[in-house]
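For reference, the structure is listed below as structure tokens.
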Amino acid sequence: MARTTFLITLLPFVSAVVARTVEHNFKISNGKIAPDGVERVGTLVNDMYPGPLICADKGDTLKINVQNELTDSSMYRTTSIVSLYSLPAFGHAELLRSTGMVFYKVEMLTKMDLRGSLSAQLFRKSHILTLCLWVNRRELIGITATLTAFAVHSLFVVCYFIQGSMAISHLIVTIDPQDPHRQLYDVDDDKTVLVIGDWYHDSSKNILESRNRTRQQPDSATINGKGIFDPNNTPANPNTLYALKVQQGKRYRLRIINTSAVSAYRVSIQGHKLKVIAADGVSTQPYDIDAFDIIAGQRIDCIVEANQTPQTYWINAPLTNVANKTAQALLIYEGSTSSYQPPKGSYNKWNISQANIDYWKQKETYGPRSERSVNEVRALGTDHRMHSRNMDKHNGIIRRQEQATTNQNAMVVMDESKLVPLANPGAACGPNPADLVLNLTFGLASVLRCDWMINGIPYQAPSTPTLLKILTDRDSVTESDFARSEHTIILPENKCIEFNIKGNTGLGIVHPIHLHGHTFDVVQFGNNTPNYVNPPRRDVVGATDDGVRIQFKTDNPGPWFLHCHIDWHLAEGFAMVFAEAPESIKAGPQSVVVNPQWEGLCKKYSELPAGFE
């Protein structure tokens, strides 16, 4: 959790004229780190934090060898899943060769999970994971590979090595030489990727087992692995904060990723305008703003021009939903002074709304999860399926907490509903009704219980992976093949689907809803007027009780996860699975071909001692 990140960036300057194989060797180990000034044990890659970069071009094959030298026993509980899935809208990935812990499709849905393999109790430290990936991307990102029980992003190859509440991540970013926005910026490199993440001084294992919601609040936040826990007694300089150095007159493409376990941010750069050009990997019409909100799992690409007086400026990202803290970095004009000078004026702050404060102060109670049968859930007033676009109006609109800092009142803040896709704008269903509409209502068993549910069912990961169930089903796959707690719904192939996602919690929390395997069109926020002409297109969207409606086409067979990107809520059941075109997963041009080397993994998994499975 709390995924403060290191990056693997595919450098964007030239296209791959001749495809090549790029090999990297990573040693994963534990060591003491202090990203925010407070020391704790973390995870290192090649003895570094943040870790090294992977650089490759479009069309390259990546061969990644991982050597496990982890010694912290808490690692096995949250690490070891590698997931690959293809995204036809953006290109595809091929697994060329694998040994060790490599699995196809989406993490918990396919977890022939060798968590114990990261423990010296079961395997030698020299255990090697080899992963070969072919990057073939028309737009930005080729594939996704993940080592975590949590998030997979369609935008990045993300390798999360989660150490309690600390993770270090690989993100692959590659640029199409035909990038339609290429003329708008001069610089786009590894230094302009800004990864914002909340940070915890304790492990996620301890936090979850404490049954104490107040401990789910982060201690601080970092940008590119640097932050300040105690700003009153810690100086802000390039030693304590990430420093982005710029040259007067040049334009910089920033790739900003929120890898947090819970935190949302309002991002701005002191004295500078921003031009948004992409959201969650989807190129958009250029949109000039001063600041934007970004919730967990979202990504925003924007351009900043170094056109101000040469000096040092704040890069601000105050948390807006959970704690009165600010992630900070520095924008430094090269040659402005012979020695470092701090920014003039104070950094931005935020006052968290009372509703959020009250939620995080609640004491939780835990007990057996209350599972209802699928039939009972579908009999609820919030009908499971509808076949009409004429749906009940939502009460209210997506709420945003109000910022208290007076000098922010004149800011032009990005309106998410105005993010217009650059290519092929328009709702997935066009002007026609969706082929299938599903009402998805999220809620809590009670405010004092930690069971988050969708349509009354808190999700629990199955012991047999969803994908494996589909592949080994000799008959037609039906929803009755899955346990109630798996909450798996079958979607037909090549249809237009609409989800009506809203809550009944009575809380003002914005939940980042992420759908794997697809980007989707957000056709309605709350009770705003629906937009079927040019709605925003992304793969993570914020939803409160007021709701959102999204559309997509089922053109990518697979078991796809829909979940809240607040990791604590995901761990508490806020998720479900959509088995898209299951018969096409088993046979046909888009079917899953199981590598013979994987055949023994399930047997090894089933033989793991209690607690390692």
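For the reader, a short list of remarks on this structure follows.
- Test: Tyr340 is surrounded by fewer than 18 Cβ atoms within 10 Å (Cβ to Cβ) and touching a Pro at 6+ places or on another chain (Cβ under 7 Å): yes
- A single entry from Val412, Val447 fulfils the requirement of being at pLDDT 50 or above and within 26 Å of Asp539 (Cβ to Cβ): Val412.
- Scope the stretch 202-214; condition under 22 Å from Asp230 (Cα atoms), crowded, with 18+ Cβ neighbours inside 10 Å and of a type outside the set (A, V, I, L, M); matching residues: Ser203, Ser204
- Scan of the stretch 177-215 for residues that are within 22 Å of the chain's Cα centre (by Cα) and of a type in the set (Gly, Ala, Ser), ordered by number: Gly197, Ser203, Ser204
- Given (1) touching a strand residue (DSSP E or B) at 6+ places or on another chain (Cβ under 9 Å); (2) surrounded by fewer than 22 Cβ atoms within 10 Å (Cβ to Cβ), number of the condition Val533 does not satisfy: (1)
- Test: residue in the stretch 343-354 that is in a helix (DSSP H, G or I), at pLDDT below 90 and over 26 Å from the mean Cα position of the chain (by Cα): yes
- Matching residues, the stretch 215-243, being in contact with a Lys or Arg (Cβ under 6 Å, 6 or more places away or on another chain) and not in a strand (DSSP E or B): Leu241
- For the stretch 473-496, a residue qualifies if it is in a strand (DSSP E or B) and touching a Ser or Thr at 6+ places or on another chain (Cβ under 6 Å), and exactly one does: Leu491.
- The set of residues from the stretch 32-49 being part of a loop (DSSP other than H, G, I, E, B), over 15 Å from Ala221 (Cα atoms) and not charged (D, E, K, R) comprises Asn46, Tyr49.
- Test for Pro421: is it buried (at least 20 other Cβ atoms within 10 Å of the Cβ) and either of a type in the set (A, V, I, L, M, F, W, C) or touching a Phe, Trp or Tyr at 6+ places or on another chain (Cβ under 7 Å) (or both): no
- The stretch 472-483 - residue that is surrounded by fewer than 17 Cβ atoms within 10 Å (Cβ to Cβ) and in contact (Cβ under 8 Å) with a residue 24 or more places away in the chain and, of those, nearest to the chain's Cα centre (by Cα): Glu479
- Filtered residue count, the stretch 450-472, keeping only those that are in a loop (DSSP other than H, G, I, E, B) and within 23 Å of Gly588 (Cα to Cα): 1
- The stretch 284-303: number of residues that are modelled with pLDDT under 95 and not charged (D, E, K, R): 1
- Asp202 being within 19 Å of Thr43 (Cα to Cα) and part of a loop (DSSP other than H, G, I, E, B): yes
The values are calculated or read from the model by the stated rules, or taken from the named source; none is laboratory data. Everything numeric in this text was worked out from a predicted model, so none of it was measured. Heads up, the Cβs are rebuilt from the backbone with ideal geometry, glycines too, and the neighbour counts pull from every protein chain shown.
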